[in-house]
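Enquirer: Quick one: the structure is below, and I'll ask about it shortly.
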Amino acid sequence: MPCTTILVGKKASYDGSTMIARNDDSGAGHYTSKKFVVIHPEEQPRTYKTEISHLTIELPDNPMRYTAVPNAEKGEGVWAASGVNAAQVGMTATETITSNPRVLGADPLVVYQPAEDGKEEVPGGIGEEDLVYIVLPYIKSAREGVKRLGSLLEQYGTYEMNGIAFQDHDEIWWLETIGGHHWMAVKVPDDHYVAMPNQLGIDHFDLEDALGEQKEYMCSADLKEFIEIYHLDLSMDGNFNPRDAFGSHDDSDHVYNTPRAWFMERCLNPHTKKWDGPDADYTPVSDDIPWMMVPEKKITVEDVKYVLSSHYQGTPYDPYAAYGDKSWKGAYRSIGVNRTDFLSVIQMRPDHKGDNGILCAGSVLHRCDDNTGVSFQHNGRGFHR
């Protein structure tokens, strides 16, 4: 899915809450209708079969109640997208991200192969269709979410590149898949926020911690060897940058991805860096825009909604601008688009750790500049329209 994500640590938010938020967008030319549901333990199957990859997965016997925003119409699988479980753990999946030919040649995606020419079908791996459904009901912390999904990726593989967020009251973790079976995850520092377009984003990674104490980093068990065997570390100074190793820097990124990260950070850190002009620190086409930053002021839910419904307003790139030089009008892919299926903001508040401690709010008919249509807010007790 061509989405946009923002993650806000508890010391970066206005009330000490952790926040994970994402626009869930359809591809160009169509719109996918969604619904908000509560799934009870007795409704969760013990055997799950994916629609896209024809893969059968045996699920644990102890699912928890959880919320989800699946597709309203049947035909392409569940696509549960975003939700919170009874242990007060949140998850949003996924932010489709990018890779490069070196990674995909070393660890190919696990793609479904239909039966043909007398050969039996070969199931594919797991993907966005499945992730919330097979992970969220079984985890009791954000850290557990990373470990469960990581083990599933290593066991079954995946047919696409994705970024996934997990949260509880204390932590936010972000996991990115690497090729067909590898992955890495970072704990978002409490005083930082993360801006994520559809591009592999992590730009610093401590392999020693990830393969040791796992205080702030986790990864697949053989990631270090994988990097060394296939010569994926491109650093000249020994400072490993995962974005350079595993991600992309294509011309299309400079239209579709880097401008969105640029605008979000320009909004939340307008004075920290120079964002405009010939001597700017970062421009819409910069490949080294930081993955995370400390905001200049604490971030509110309104700030999150603003950046996730933005369209480069106040810049020459606004597709709706009726002023100034219009030669750059609409040059870059906006964050708020008319094919956004829903916007979800999951907020876990420290001063309400019971049923009222979680706000899962959003709109299932989101349009740039405004939340329109059917809105939902779930606070652990009910569902309001």
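The values are calculated or read from the model by the stated rules, or taken from the named source; none is laboratory data. Every value quoted in this text rests on a predicted model; they were computed, and no experiment measured them. With ideal geometry, Cβ positions are generated from the backbone for all residues, glycine too; neighbour counts draw on all protein chains shown.
Enquirer: Counting just the residues of region 78-87 that are in a loop (DSSP other than H, G, I, E, B) and either free of Cβ contacts under 8 Å to residues at least 12 places away in the same chain or within 19 Å of the chain's Cα centre (by Cα) (or both), which one comes out nearest to Glu171 (Cα to Cα)? It would help to see each step written out before you state the result.
Expert: Let us first name the residues in region 78-87 that are in a loop (DSSP other than H, G, I, E, B), namely 78-81, 86-87.
From what is left, the residues that are either free of Cβ contacts under 8 Å to residues at least 12 places away in the same chain or within 19 Å of the chain's Cα centre (by Cα) (or both) are 78-81.
Working: Val78: 27, Trp79: 24, Ala80: 22, Ala81: 20 Å.
Once the filter is applied, the top-ranked residue is Ala81.
Enquirer: Of everything in region 95-119, what is of a type in the set (D, E, K, R), within 19 Å of Asp222 (Cβ to Cβ) and not in a helix (DSSP H, G or I)? Give them in sequence order. Outline the logic, then answer.
Expert: Keep residues of region 95-119 that are of a type in the set (D, E, K, R), which gives 95, 102, 107, 116-117, 119.
If we keep only those that are within 19 Å of Asp222 (Cβ to Cβ) too, we end up with 102, 107.
Selection gives Asp107 alone.
Enquirer: While we're looking at this one, here's another question. Working carefully through the options Thr50, Thr94, find the one that is at pLDDT below 95, buried (at least 23 other Cβ atoms within 10 Å of the Cβ) and polar (S, T, N, Q). Explain how you work it out, then say what you get.
Expert: Working: Thr50 fails: at pLDDT below 95.
Step by step, each of Thr50, Thr94 is checked, and only Thr94 is at pLDDT below 95, buried (at least 23 other Cβ atoms within 10 Å of the Cβ) and polar (S, T, N, Q).
Enquirer: Select from region 235-269 the residues that are assigned to a loop (DSSP other than H, G, I, E, B), closer than 17 Å to His204 by Cα and either in contact with a Phe, Trp or Tyr (Cβ under 9 Å, 6 or more places away or on another chain) or of a type in the set (Phe, Trp, Tyr) (or both) and list them in ascending order.
Expert: So the first thing to find is which residues in region 235-269 are assigned to a loop (DSSP other than H, G, I, E, B), and the list is 235-241, 247-252, 257, 269.
Pick out the ones that are also closer than 17 Å to His204 by Cα and you get 235-241, 247-249.
Within region 235-269, Phe240, Asn241 qualify.
Enquirer: Quick one: how many residues across region 1-29 are in contact with a Ser or Thr (Cβ under 7 Å, 6 or more places away or on another chain), in a loop (DSSP other than H, G, I, E, B) and farther than 15 Å from Val304 by Cα?
Expert: Of the residues in region 1-29, 3 are in contact with a Ser or Thr (Cβ under 7 Å, 6 or more places away or on another chain), in a loop (DSSP other than H, G, I, E, B) and farther than 15 Å from Val304 by Cα.
Enquirer: Could you run through region 202-227 and say how many residues are over 11 Å from His182 (Cα atoms) and among the hydroxyl-bearing types (Ser, Thr, Tyr)?
Expert: Of the residues in that region, 1 qualify.
Enquirer: Out of all the residues in region 162-170, is one or more modelled with pLDDT of 95 or more, farther than 30 Å from His352 by Cα and assigned to a loop (DSSP other than H, G, I, E, B)?
Expert: No, that holds for no residue.
Enquirer: From the list Leu104, Leu55, which residue is surrounded by fewer than 16 Cβ atoms within 10 Å (Cβ to Cβ) and of a type in the set (A, V, I, L, M)? Reasoning before the result, please.
Expert: Details: Leu55 fails: surrounded by fewer than 16 Cβ atoms within 10 Å (Cβ to Cβ).
One residue alone meets the criteria, Leu104.
Enquirer: Let me spell it out: the conditions are (1) under 23 Å from Val69 (Cβ atoms); (2) assigned to a helix (DSSP H, G or I), and Gln155 meets all of them except one. Which number is the exception?
Expert: It fails just one condition, (1).
Enquirer: Let me ask another. From (1) farther than 23 Å from Met196 by Cβ; (2) touching a helix residue (DSSP H, G or I) at 6+ places or on another chain (Cβ under 6 Å), pick out the condition that doesn't hold for Ala86.
Expert: So Ala86 meets the others, but not (2).
Enquirer: Is it the case, given these coordinates, that Asp209 is among the charged types (D, E, K, R) and either out of contact with any Phe, Trp or Tyr (no Cβ under 9 Å at 6 or more places or on another chain) or assigned to a loop (DSSP other than H, G, I, E, B) (or both)? Spell out how you get there, then give the answer.
Expert: Values: among the charged types (D, E, K, R): yes; either out of contact with any Phe, Trp or Tyr (no Cβ under 9 Å at 6 or more places or on another chain) or assigned to a loop (DSSP other than H, G, I, E, B) (or both): no.
Criteria not met by Asp209.
Enquirer: Does region 329-359 hold any residues that are in contact with a Ser or Thr (Cβ under 8 Å, 6 or more places away or on another chain) and either at pLDDT below 75 or part of a loop (DSSP other than H, G, I, E, B) (or both), and which are they?
Expert: Hits for region 329-359 are Ser334, Ile335, Gly336, Arg339, Arg349, Pro350.
Enquirer: Does Glu42 satisfy being without any contact (Cβ under 8 Å) to a residue 12 or more places away in the chain, over 16 Å from the mean Cα position of the chain (by Cα) and outside any loop (DSSP other than H, G, I, E, B)?
Expert: Numbers: without any contact (Cβ under 8 Å) to a residue 12 or more places away in the chain: yes; over 16 Å from the mean Cα position of the chain (by Cα): yes; outside any loop (DSSP other than H, G, I, E, B): yes.
When the stated conditions are applied, Glu42 passes them.
Enquirer: So for region 120-130 (the condition being without any contact (Cβ under 8 Å) to a residue 40 or more places away in the chain, buried (at least 20 other Cβ atoms within 10 Å of the Cβ) and within 21 Å of Ala221 (Cα to Cα)), does at least one residue qualify?
Expert: Of all residues in region 120-130, those without any contact (Cβ under 8 Å) to a residue 40 or more places away in the chain come to 120, 122.
From what is left, the residues that are buried (at least 20 other Cβ atoms within 10 Å of the Cβ) are none.
The answer is no; no qualifying residue exists.
Enquirer: Same structure again: If Tyr31 meets every condition in (1) of a type outside the set (S, T, N, Q); (2) out of contact with any Leu (no Cβ under 6 Å at 6 or more places or on another chain); (3) buried (at least 24 other Cβ atoms within 10 Å of the Cβ); (4) farther than 13 Å from Val132 by Cα apart from one, which number is that one?
Expert: Tyr31 satisfies every listed condition except (3).
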